[in-house]
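Some notes on the structure that comes next.
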Amino acid sequence: MDNKQLAEISRDQLSRVLSFFSRVDTVSSIVLGIDIGMLAVLGASAPAPKLFTRYTLFALLPVILIALSLWHLYKGTFPRLEGGWRSLIYFREIAQRDEDEFIKGWINQTDDEYVRDLLSQIWRNSEILTQKFDHLRAAFRWLAFALLPWILALFLFASKNTETFIVK
């Protein structure tokens, strides 16, 4: 396979890898919305602070689990971006050059250097994408683990709030 064919195949593969970023970011946004919604419902359902007892501290469990989910969403949103040293494709490396240096580098690169840079970007973006997917998976798991304690905390809060409306 000559460099022209390899460059075309490599560009297609890089585009394919990059297309997955929007997918993981979309799912991350959904999990973020659920996390925040669950925290909002829990907060809105909480009894007045003077009615808190030791057993209502159980509500801290879903809060902690949801916080872990949020932490992984944060880590997935901002993965490690180091790498791509001296690349003419990777945006962080391009930004470290001045405009003239970038243009000269782009014009003077050989076909072999271009293909190697493309392949390097496929590899590095795959690495970044793996980090994002791993953090999304962890965020989803923590959210799933929080579901049952969250429901139980809502029941506890409902029973505590109901007590305040009973006339004695």
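Nothing in this text is a laboratory measurement; each read-out follows from the coordinates by a stated rule. Worth saying up front: this structure is predicted, and the values here are computed from it rather than measured. Neighbour counts run over all protein chains shown; Cβ positions are idealised from the backbone, glycine included.
Can you sort Ile89, Ile66 from fewest to most other Cβ atoms within 10 Å of each residue's own Cβ? Ordered from fewest to most neighbouring Cβ atoms within 10 Å, Ile89, Ile66 come out as Ile89, Ile66.
Taken along the Cα-to-beta-carbon direction at a fixed 7 Å, the label points for Arg97 and Arg16 span 2.8 nm. The string of couplings for segment 10-25 from the Karplus curve (6.51, -1.76, 1.60, θ = phi - 60°) is 5, 4, 4, 5, 4, 4, 5, 4, 5, 5, 6, 4, 5, 5, 5, 5 Hz, one whole number per residue in order, with x for Gly and Pro. Among Gly33, Ala67, Ala48, which residue has its Cα furthest toward the positive end of the charge dipole of segment 32-107, with +1 on Lys/Arg Cβ and -1 on Asp/Glu Cβ? Positive-end residue among those listed: Ala48. Take the alpha carbon gyration tensor of the chain, find the square roots of its eigenvalues, order them as a ≥ b ≥ c, and report rounded if a/c is under 1.5; if not, report prolate when a/b exceeds b/c, else oblate. Cα axes put the chain in the prolate bin. Non-local lysine pairs in the chain, meaning eight or more places apart or on different chains, with alpha-carbon distances under 27 Å, amount to 5.
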